[in-house]
Amino acid sequence: GSEIYHYSDRWDAELRGNFYYWDNVRIGLGLAARYDSSTSEHFFATPEKVNQTAYRGYANLEWTVSDKLTLNSGLLTEKIEQGGSNNSYRVAANYQLSEQQTIRLATNHAYRAPTMLERFHSTDYKYNENIILDLSVKPDPNIHAEQLSSYEIGYGGSFLDRSLLLDVRIFKEDFSDIIGETRRLSSDFGIAFDYDQQVNIYTNTASLQVRGIE
């Protein structure tokens, strides 16, 4: 039989800097770009190269309000060509009850954009170049980023001259628009002929809520 070739490549460039204009404030800024490309007729149903370019910028701030209180915040914005843009952030506070005990609060809202495989994966079985007998996998053209919102309260302490360490957190995590595969009718996607009239679709399929103590 014929050999199957797969090739992928990634180029990533980043420029970042740290700024210390004030004794109690540290700022980090960055810009980055990433280019992904892949060639795989098996996964993309074409011998041509498939590619995706993403741009991102981020900022982080650490503010030492006092000897006991430190605030942290971060913002990330990401733009994907033909894939929209997303803004993620995180805010946290650490309060030192004593030299050995700290309480922390944090909230986070983040996105995970679809990978190139999730966005472009297409597998079919052809009679010839013009006739498709069965379409196995296809991406949803409206696929979009997964979302995560999380909240936590934590406590860290050391006891018995640091021979006993305790780190506890109570957390809540909400995942939405989770990307996965689901089985759909081929006709729902305008496919005129398909052997089993079913196709696996990469799309936003589910949500998940996690609550716990660890």
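The values are calculated or read from the model by the stated rules, or taken from the named source; none is laboratory data. Just so it is clear, the structure is predicted and the values come from calculations on it, not from any experiment. Neighbour counts run over all protein chains shown; Cβ positions are idealised from the backbone, glycine included. Accessible surface areas use protein heavy atoms only, side chains included; no ligands, DNA or RNA. Shrake-Rupley method; radii C 1.70, N 1.55, O 1.52, S 1.80 Å.
For region 18-71, report the % of Cα-Cα distances exceeding 19 Å.
Distances greater than 19 Å cover 57 percent of the Cα pairs.
Which one is right for this structure if Rg/Rh (Cα atoms, Kirkwood Rh) is calculated from it: (i) 1.45; (ii) 1.12; (iii) 0.94?
(ii)
Just from its helices, what would the mean residue ellipticity at 222 nm be for the chain, if runs of 4 or more DSSP H residues each count -39500 (n - 2.57) and the sum is divided by every residue, rounded to the nearest 500 deg cm²/dmol?
Per the formula, -500 deg cm²/dmol.
Using only Cα atoms, locate the centre of region 1-43 and the centre of region 63-120, then give the distance between them in Å, rounded to an integer.
With region 1-43 and region 63-120 each reduced to a Cα centre, they are spaced 19 Å.
Considering only protein heavy atoms, with the full assembly of protein chains and a 1.4 angstrom probe, order 170, 27 by accessible area, largest first.
Heavy-atom accessible area, descending, gives 170, 27.
Not counting ligands, DNA or RNA, and with a 1.4 Å probe, what is residue 9's accessible surface area in Å² rounded to the nearest 10?
So the heavy atoms of residue 9 present about 50 Å² to solvent.
Based on the alpha-carbon set only, what is the convex hull volume of region 1-116 divided per residue, in Å³?
Per residue, the Cα convex hull of region 1-116 comes to 142 Å³.
Want the number for residue 96 to residue 75: 0.36 nm per residue separation, take away the alpha-carbon distance, what's left?
Contour length minus the Cα-Cα distance gives 5.1 nm.
Sorted by average packing, counted as other Cβ atoms within 10 angstrom per residue and highest first, what order do 12-24, 47-59 take?
47-59, 12-24
When the dipole is taken about the Cα centre of the chain, and only Lys, Arg (+1) and Asp, Glu (-1) are charged at their Cβ, what size is it in debye, to the nearest 20?
That gives a dipole near 680 debye.
Determine the per residue accessible area of region 16-129 with all protein chains present and a 1.4 angstrom probe, expressed in square angstrom.
Value returned for region 16-129: 63 Å² of accessible area per residue.
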